[in-house]
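One structure is given below, encoded as structure tokens.
The values are calculated or read from the model by the stated rules, or taken from the named source; none is laboratory data. Bear in mind that the values here come from a model prediction, so they are computed numbers and not experimental data. Ideal geometry is used to build each Cβ from the backbone, glycine not excepted, and the neighbour counts take in all protein chains shown.
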Amino acid sequence: MKTFGLLIGWCILFVLAWPLALLVLMIWPLVWLISLPFRLIGIAFEGVFAFLRGLILLPARLLGERPRMG
């Protein structure tokens, strides 16, 4: 659904300002390549924080306490 919304938004931009829409279409792969390392760093940090959370909650889990979500 997100992709469909982006496609509709790009079509509206193309109708209103086609040079800007074509520029966005040409620059989008570069933006994706630049943001890729930041996504990988985010995934790595998410894994580290999940590991630390599991490590901190390990004594409670061993004693039989269920983790509370929310």
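Data overview
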{"quantity": "Among residues of segment 28-48, those that are loosely packed, with under 10 Cβ neighbours inside 10 Å and aromatic (Phe, Trp, Tyr), counted", "calculated": "1"}
{"quantity": "Any hit, segment 18-27, residues being outside any helix (DSSP H, G or I), at pLDDT below 95, exposed (fewer than 10 other Cβ atoms within 10 Å of the Cβ) and among the aliphatic types (A, V, I, L, M)", "calculated": "no"}
{"quantity": "Some residue of segment 4-13 being modelled with pLDDT under 95 and in contact with a helix residue (DSSP H, G or I) (Cβ under 8 Å, 6 or more places away or on another chain)", "calculated": "yes"}
